Amino acid sequence: MDCCKRLLTELTRPEGERDEVVPQALWSSALVAYARCFGAGRPSGLTAEDVQNVPLQGAVTKFHEWVIEERERFTAFPADPFAASKIGAALSGAGQKERRVEGIAIFSTSHVLIDATGVRQLGGLASELAKQTAVRARKQQDTVLADAQQLDIDGLYATPPLLPQRPAAGEAP
């Protein structure tokens, strides 16, 4: 949601004043962050059913599927590393006496940045899914609290306190 908010702000800037890397970075970050919530094999992850249950109008599921596919395009390695580029010959002008190759042009294929409407759609979908997740989290917190209240209080006070720790180098957070 934060990437989408920041991206909408960036898209309001005139193109001449905008660093085109920033919108691309924000969009790819938004796609990756969104899709990460749907990781397979995660018991607490979101599902396609969660997407179907959001109170939004339109082709929400189709948009969700498109976002996941876009994320795959951004993160997958191409089978052919040169497929992302096209090389063409720069020819002398058609009206010139001598026809010849004057140079080459290299065109890099980039992903199309979605417009502000699409950014708003992704932000709205993420917001609704966050609300669903918060309700689930609250229910889980209530369950854990009830279980903790049943534990031996003297034993709890005897255990060392939990302190926030940074993951060790090379360790996943």
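Provide LEU156, LEU11 in ascending order of the number of other Cβ atoms located within 10 Å of each residue's Cβ, fewest first.
Going from least to most buried by this count: LEU156, LEU11.
Among LEU129, LEU162, LEU151, which one shows the biggest mean-square fluctuation in a GNM of the chain, springs joining Cα atoms closer than 10 Å?
The residue with the greatest mean-square fluctuation here is LEU162.
Which of ARG18, ARG166 has the fewest other C-beta atoms within 10 Å, and how do the rest follow up to the most?
Lowest to highest Cβ neighbour count: ARG166, ARG18.
Farthest toward the dipole's positive end in the chain, which of GLY16, ALA126, PHE77, given Cβ charges of +1 (Lys, Arg) and -1 (Asp, Glu) about the Cα centre?
GLY16
Using a cut-off of 12 Å between beta-carbons, work out the net charge of the residues near GLN52 (Lys and Arg +1, Asp and Glu -1, GLN52 not included).
Neighbourhood net charge equals -3.
Please state the equivalent ellipsoid semi-axes for the chain: what are the square roots of 5 times the Cα gyration tensor eigenvalues, largest first, in whole Å?
Largest first, the chain gives 49, 21, 16 Å.
Going by how many other beta carbons lie within 10 Å of each one, how would you line up LYS5, LYS86, LYS97, fewest first?
Starting with the residue having the fewest Cβ neighbours, the order is LYS97, LYS86, LYS5.
Just to be sure I understand the model, the point goes 7 Å from the Cα along the line to the Cβ. What's the resulting ARG73 to ALA146 distance in nm?
If labels sit at ARG73 and ALA146, their model points lie 4.7 nm apart.
Within 10 Å of each candidate Cβ there may be at most 12 other Cβ atoms; applying that plus a DSSP loop requirement, which GluC sites (Glu not before Pro) in region 1-103 survive?
GLU20, GLU98
For the chain, modelled as a GNM with alpha-carbon contacts under 10 angstrom, which of PRO55, PRO23, PRO160 fluctuates the most?
In the Gaussian network model the winner is PRO160.
Can you tell me the relative contact order of the chain? Whole percent, Cα pairs under 8 Å, sequence separation 6 or more.
For the chain, the relative contact order is 23 percent.
Bear in mind that the values in this text are calculations on the coordinates, not laboratory data. This structure is a prediction, so every number in the text was calculated from the model and none was measured. A quick note on method: Cβ atoms are made from the backbone with ideal geometry, for glycine too, and the neighbour counts reach across all protein chains shown.
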